[in-house]
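Only the coordinates and a few stated rules stand behind these numbers; no lab work does. All figures in this text were calculated on a predicted structure; none of them were measured in a lab. All Cβ positions, even for glycine, are placed from backbone atoms using ideal geometry, and neighbour counts span all protein chains on display.
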Ligand SMILES: Cc1cc2nc3c(=O)[nH]c(=O)nc-3n(C[C@H](O)[C@H](O)[C@H](O)COP(=O)(O)OP(=O)(O)OC[C@H]3O[C@@H](n4cnc5c(N)ncnc54)[C@H](O)[C@@H]3O)c2cc1C
C-alpha cells in the first residue's frame, strides 16, 4: 500500500496547512502558558468554531447541519495537520463530536438533530457522557440509575460517576434502566439538559490537581419523553454504537494524534536541549534507542489509525482493530511519559509555572494524566478480552 499523498491529497494538505497556519496563532498564544483544563476546553471550543466557519470543522457531516462533503483521507488530514501544527484539543470536544453527535446522527429524531447538531459541530455546545456508575463500569449493562415513565415525561433517580466535563457541559447523554428483566434490555438512552432541576454535579479532584470529571446525582429529575434517543428499552443498541465510536475517537481521533505528534516532537526537542553528565541526551545511546522505539511505535499506531478511520468514514462498524489501537496507543503514551520522566529525573516535579518546569509543566502533567488512558473508554484488560475473542478466536470467559 502506498501511504504517500496523491496529487489531489497533497494539494488539499497544502491548502489546509496554509489555512491552519494563518488562523492558529491567537489560539496557540492562549495555550502558551498551559492553562487549566476548563480554560483549555474554552479555547478548544473556540477553535472548533473557527474551523467550522472556515469550512474544515464538519467535513463529512450532512450539509443540513453545516457539514461539507469530504472523503475519508481529507477528514483524516484535518486531524493530522491540526495535531502537527499544535491546534487546541480537549477531551470534551471528542466526547461532543466523536461520540455524542454521531449517536444523534444515527439514532436521534429530526428535532433532536436540528436542535443540537449545528451547535455541536460549531463548537457552541459542549456535551458529556453519563454511563458509568459506582457499580457499573466494564460491566456497564449492570447500571442501576432508573428512569420511570410518568405521562409525557421520565423521572430519573440514581448516580453516575467519572462523567468527564459534566460540570462544564450544557447537555449530556445518559443511559438509564427503564424496566426489570435481562440486563441488556430495559435500558434507555436519553439526552439531558444539565441545568434541569434534580441534577447535582460534584467535580472529582484527580492527582493532577484538576477536576476533569464529576459525580452526577439525579433526584426526581423530570425529563421529557422527547429526549429519548432511539426506542424506549432499546438503549443498549445506541450505547454499543456510542461506545464503539468512543473507542475510535479516543484511539484514532484528534486527542491521540495530538499526543503522538506533539508528544514525540516535544520529546525530541527536549532531548536535544537537555544535558546530562555525558553530554546531550539526544546523543546518549540508551536514550537514542528509547526515542527510536517511541518513533517506531508512533508510526505503527498511525498506520493502524488509518485502517480504523477509513473503515469508520466508509460507514462500517469499527472492528477489533480499534481495540488493538487503543491498547497499543495507550501503552505507547504511557511509555512516552516514562522516557520523559527518565530524562528529566527530579526536574519532572517542577510543575506548571515553576522556573525549572520543562514545557510549562506538560511532562509532569502528562506523567500523571496518562495513567488514566488505560482505564477510560474501556480498560486495557477489556480490549485484550475483545482481541482474544474476536481476533484470536479464544473461547469467551465465563
Ligand atoms: C479519564 C477517564 C474519563 C472517563 N470519562 C467517563 C465519562 O465521561 N463517562 C462515563 O460514563 N465514564 C467515564 N469514565 C469511566 C470509565 O468508562 C470506566 O472507568 C471504565 O469503563 C472502567 O470501569 P470501572 O472504573 O468501574 O472499573 P471496573 O470495571 O470495576 O474494573 C476494575 C478492574 O477490573 C478489570 N476488569 C473488569 N472486568 C473485567 C473482565 N471482564 N476481564 C478482565 N478484567 C476485567 C478492569 O480492567 C480493571 O482493571 C472515565 C474514566 C477515566 C479514567
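Hydrodynamic analysis of segment 209-358 uses the Kirkwood radius over alpha carbon pairs. Inserted into Stokes-Einstein at 4 °C and 1.567 mPa s, it gives a translational diffusion coefficient of 69 µm²/s.
Each residue of segment 95-181 gets 119 Å³ once the volume of the Cα convex hull is shared out per residue. With all pairs of separate Cα atoms included, segment 127-238 yields a Kirkwood hydrodynamic radius of 13.9 Å.
Packing-wise, with mean Cβ within 10 Å as the measure, how do 260-271, 156-167 rank, highest first? Walk me through the numbers before you get to the answer.
On the way: 260-271: 18.4, 156-167: 21.9.
Averaged packing, sorted descending, gives the order 156-167, 260-271.
Size of segment 1-144: Rg and Dmax of its alpha carbons, in Å, are 17.0, 54.
Suppose a student asked you for the relative contact order of the chain, using Cα pairs under 8 Å spaced at least 6 residues apart; what percent would you report? Can you show the working numbers first?
Details: 647 pairs, mean separation 53.1, N = 398.
Relative CO of the chain lands at 13 percent.
The helix-only estimate of mean residue ellipticity at 222 nm for the chain, built from DSSP H runs of length n ≥ 4 each weighted as -39500 (n - 2.57), is -15500 deg cm²/dmol after division by the residue total.
Would you kindly calculate the translational diffusion coefficient of the chain, applying Stokes-Einstein with the Kirkwood radius from alpha carbon pairs, for 37 °C and a viscosity of 0.692 mPa s, and quote it in µm² s⁻¹ without decimals? Please report the intermediate quantities before stating the final value.
Details: Rh = 22.2 Å.
For these conditions, the coefficient is 148 µm²/s.
Against the globular-protein guess of 2.2 N^0.38 Å, express the Cα radius of gyration of segment 7-89 as a ratio, rounded to two decimals.
Normalised Cα radius of gyration, segment 7-89: 1.12.
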